[in-house]
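Reading through the structure tokens given below for one structure.
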Amino acid sequence: MHETFIGRENELADLNELYSQDKFQLFVLYGRRRVGKTTLLNEFCKDKETIFYSAEQSNNKLNLEKFSLRVFSFYGENNLEPFSSWTNALSYIDERQKGKKLVLVIDEFPYLVKKNKPLLSELQHLIDHKLTKGNLFMILCGSYMGFMEKEVLGSKSPLFGRRTAQLHMKPFNYQTSSIFLDGFSDTQKLELYGAFGGTPLYLQQINSKESFEENIKRAYLKTTSYLYEEALLLLRQEVQEPGVYSAIIEAIANGHTKANEISTKIGEDSAKCLKYIKTLCELGILHKETPFGEKDSSRKTIYGISDFMFRFWYRYVFANRTLIETGAQQAVWTKRIEPDYNSYMGLVFEKICTDYLSIKNAKGELPILFTTIGRWWGTNPATHGQEEIDLIANDGKDYIFGECKWRNEKLDLSVLRELKIKADIYSKNRKCTYYVLFSKSGFTDAVITEANSDDSIMLVELSDLMNF
């Protein structure tokens with residue numbers, strides 16, 4: 001199997017299963033840039049009759065001309081006039097195929113529709129009146145997630161109800177990512193995941209013969225390295241004013257996570273700021289988070305960075321570019337990254353622990369089968385102070401409360417006691433309650449003794465996170 005093709009075997013099997021059915025298919029594939037969509041499609045298409053067209057950010061006429069050339073070269077034709085419309089192009093393919101199987105991939109599909117809105121209705125008409133009778137396996141692929149969800153999959157889209165399957169392709173979780181991290185200790189694996197995220201292309205930048213520090217310096221702190229410009233390059237590909245978007249992401253990377261904090265920090269008015277934030281969410285760069293159990297419109301809404309590479313880059317590279325470009329690589333590591341990295345890892349570790357519980361839950365290995373999982377923050381009515389719970393999962397009135405500690409000392413009993421108090425602040429209306437403690441550096445004897453005598457307490461250390 002292709003070397004970069006680790007971890008997507010299930011998706012490939014699903015595509016091949018659809019392909020084996022003798023009928024028209026419209027498969028919609030979407031997900032953030034660099035997540036491996038094109039790699040998956042190349043792997044799927046490599047032993048099949050395929051016309052693969054990657055749309056460009058030009059106009060409709062040029063895209064149609066290039067698509068026409070691709071189609072004619074597939075059928076061994078030349079000197080033909082380009083098609084006058086997409087309907088003609090696709091009808092031509094349908095007629096030439098005469099019911100024979102063909103994979104037709106249109107990558108970067110949003111680029112086409114942005115320059116030609118009626119294309120969606122044209123496609124709908126074609127599918128309904130012509131293509132469903134044939135054997136075409138049509139794949140529409142795109143990275144602009146908000147667009148794909150609304151304009152292609154949404155209920156107001158002309159294509160609504162026409163797709164036969166879809167896949168929202170996500171970055172690898174820490175478990176699959178660790179396949180790329182052989183040769184590192186458990187702590188280093190998670191620290192590397194915190195810096196590179198779950199994108200296969202970024203994970204491939206890691207060299208197992210180097211230490212964590214050497215990998216960071218080589219991959220991020222050298223002006224010639226692959227990741228040195230990556231976050232900005234991706235932004236420039238998607239948005240008109242990368243400067244404002246960059247400022248927003250940097251503010252969030254440094255802990256300003258509420259909309260009003262972000263607009264104050266970057267000096268833009270909040271309505272404009274929210275518009276930009278919405279776009280970043282639609283691109284899958286940011287995500288919106290509300291406290292567990294609260295509505296999407298909660299006033300306590302905060303924003304987070306979905307991709308750890310982006311988060312790392314905006315926290316440590318963006319602000320230090322002048323230093324890096326004057327050769328102060330070592331100083332940036334020693335003064336900016338190393339002393340701050342444990343605090344940076346706090347949020348990463350919460351995400352890892354959430355993934356762990358979700359994987360265990362899917363296997364039915366937890367005392368409850370939870371339906372929702374998240375974080376909670378709110379006010380303690382007794383002290384009026386802010387409280388946070390790293391992890392809550394529930395099924396009806398059965399709850400799991402979790403605390404995640406990325407620290408160099410063992411987790412002690414005070415953490416468990418505080419978690420129980422916070423659980424009561426969240427809600428006393430519970431049937432069964434379980435507590436799960438995650439710790440980077442293990443547990444004190446007192447915590448272990450308590451957990452041994454109480455079935456409602458689960459302890460998870462790094463070796464449990466990595467080996468299951």
Does Leu80 qualify as being touching a helix residue (DSSP H, G or I) at 6+ places or on another chain (Cβ under 6 Å) and over 22 Å from Ser121 (Cα atoms)? yes
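Taking the stretch 124-140 as the region of interest, how many residues are outside any loop (DSSP other than H, G, I, E, B), touching a residue at least 60 places away in the same chain (Cβ under 8 Å) and farther than 22 Å from Ala55 by Cβ? If you could, list the steps in order and put the result at the bottom.
Narrowing the stretch 124-140 to residues outside any loop (DSSP other than H, G, I, E, B): 124-129, 131-133, 136-140.
Among the residues that remain, those that are also touching a residue at least 60 places away in the same chain (Cβ under 8 Å) are: 127, 131-133, 136-140.
Now restrict to residues that are farther than 22 Å from Ala55 by Cβ: 132-133.
Residues meeting the conditions: 2.
Within the stretch 184-195, can one find any residue that is without any contact (Cβ under 8 Å) to a residue 24 or more places away in the chain, farther than 14 Å from Phe308 by Cβ and either charged (D, E, K, R) or open to solvent by 50 Å² or more (accessible area, probe 1.4 Å) (or both)?
Within the stretch 184-195, the first condition is being without any contact (Cβ under 8 Å) to a residue 24 or more places away in the chain, and the residues that meet it are 185, 192.
After this cut, where a residue has to be farther than 14 Å from Phe308 by Cβ as well, the list is 185.
Imposing the further condition that a residue be either charged (D, E, K, R) or open to solvent by 50 Å² or more (accessible area, probe 1.4 Å) (or both) reduces the set to 185.
Yes, there is a match, as at least one residue in the stretch 184-195 is without any contact (Cβ under 8 Å) to a residue 24 or more places away in the chain, farther than 14 Å from Phe308 by Cβ and either charged (D, E, K, R) or open to solvent by 50 Å² or more (accessible area, probe 1.4 Å) (or both).
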Out of all the residues in the stretch 250-275, which are touching a Phe, Trp or Tyr at 6+ places or on another chain (Cβ under 6 Å) and part of a helix (DSSP H, G or I)? Glu250, Ile252, Ala253
How many residues of the stretch 431-450 are touching a helix residue (DSSP H, G or I) at 6+ places or on another chain (Cβ under 8 Å) and of a type in the set (Lys, Arg)? The answer is 1
Is it the case, given these coordinates, that Ser463 is small (Gly, Ala, Ser), more than 28 Å from Thr371 (Cβ to Cβ) and in contact (Cβ under 8 Å) with a residue 24 or more places away in the chain? yes
For residues in the stretch 145-187 being closer than 30 Å to Lys209 by Cα and among the acidic types (Asp, Glu), which is modelled with the highest pLDDT? Asp186
Hey, Lys46 open to solvent by 60 Å² or more (accessible area, probe 1.4 Å) and in contact (Cβ under 8 Å) with a residue 60 or more places away in the chain or not: no
Index of the failed condition, Gly36 passing every other in (1) closer than 24 Å to Tyr202 by Cα; (2) modelled with pLDDT of 95 or more: (2)
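So, restricting to strands (runs of 3 or more DSSP E) that lie completely within the stretch 344-417, which ones have at least 3 residues that are within 27 Å of Asp307 (Cβ to Cβ) and open to solvent by less than 20 Å² (accessible area, probe 1.4 Å)?
Strands (runs of 3 or more DSSP E) meeting the threshold: 386-395, 398-405.
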Selection within the stretch 450-460 - open to solvent by 40 Å² or more (accessible area, probe 1.4 Å), without any contact (Cβ under 8 Å) to a residue 24 or more places away in the chain and part of a helix (DSSP H, G or I): Asn452
Could you tell me whether Leu201 is in contact with a Lys or Arg (Cβ under 6 Å, 6 or more places away or on another chain) and either in a loop (DSSP other than H, G, I, E, B) or open to solvent by 60 Å² or more (accessible area, probe 1.4 Å) (or both)? yes
Quick one: in the stretch 282-292, of everything that is on the phi < 0 side of the Ramachandran plot and part of a loop (DSSP other than H, G, I, E, B), which residue is modelled with the lowest pLDDT? Leu283
The residue from Ser54, Ser73 that alone is among the small types (Gly, Ala, Ser), free of Cβ contacts under 8 Å to residues at least 60 places away in the same chain, in contact with a helix residue (DSSP H, G or I) (Cβ under 9 Å, 6 or more places away or on another chain) and open to solvent by 30 Å² or more (accessible area, probe 1.4 Å) is Ser54
Residue in the stretch 276-288 that is under 30 Å from Gly396 (Cβ atoms) and either among the charged types (D, E, K, R) or crowded, with 20+ Cβ neighbours inside 10 Å (or both) present: yes
Being under 26 Å from Val460 (Cα atoms) and either open to solvent by 60 Å² or more (accessible area, probe 1.4 Å) or among the hydroxyl-bearing types (Ser, Thr, Tyr) (or both) is the filter here, so list the residues in the stretch 300-343 that pass it. Ser306, Glu338, Pro339, Tyr341, Ser343
Expected output for the stretch 15-29 (first residue in contact (Cβ under 8 Å) with a residue 12 or more places away in the chain and closer than 17 Å to Gly142 by Cβ, partner outside any strand (DSSP E or B) and among the charged types (D, E, K, R), Cβ below 8 Å, 6+ apart or cross-chain) is Leu26/Arg162; Leu26/Arg163; Phe27/Arg163; Val28/Arg163; Leu29/Lys37
Given the conditions (1) basic (Lys, Arg); (2) at pLDDT below 95; (3) closer than 29 Å to Gly142 by Cα, which single one is not true for Lys295? (3)
Tell me which residues, restricted to the stretch 137-152, are touching a strand residue (DSSP E or B) at 6+ places or on another chain (Cβ under 6 Å) and of a type outside the set (Gly, Ala, Ser). Phe137, Met138, Ile139, Leu140, Cys141, Met145, Met148, Val152
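Please enumerate the residues belonging to the stretch 426-449 that are assigned to a strand (DSSP E or B), in contact (Cβ under 8 Å) with a residue 40 or more places away in the chain and either farther than 19 Å from Thr187 by Cα or of a type in the set (Val, Ile, Thr) (or both). Explain how you work it out, then say what you get.
Residues of the stretch 426-449 that are assigned to a strand (DSSP E or B), as a first pass: 433-439, 443.
If we keep only those that are in contact (Cβ under 8 Å) with a residue 40 or more places away in the chain as well, we get 434, 436, 438.
If the condition is that a residue be assigned to a strand (DSSP E or B), in contact (Cβ under 8 Å) with a residue 40 or more places away in the chain and either farther than 19 Å from Thr187 by Cα or of a type in the set (Val, Ile, Thr) (or both), then Tyr434, Val436 are the ones that fit.
The values are calculated or read from the model by the stated rules, or taken from the named source; none is laboratory data. The structure displayed is predicted, hence computed values, not measured ones. For neighbour counting, all protein chains shown are included, and Cβ atoms are generated from backbone atoms with ideal geometry for every residue, glycine included. To get the accessible areas, we keep the full protein, side chains included, count just its heavy atoms, and leave off ligands, DNA and RNA. Shrake-Rupley method; radii C 1.70, N 1.55, O 1.52, S 1.80 Å.
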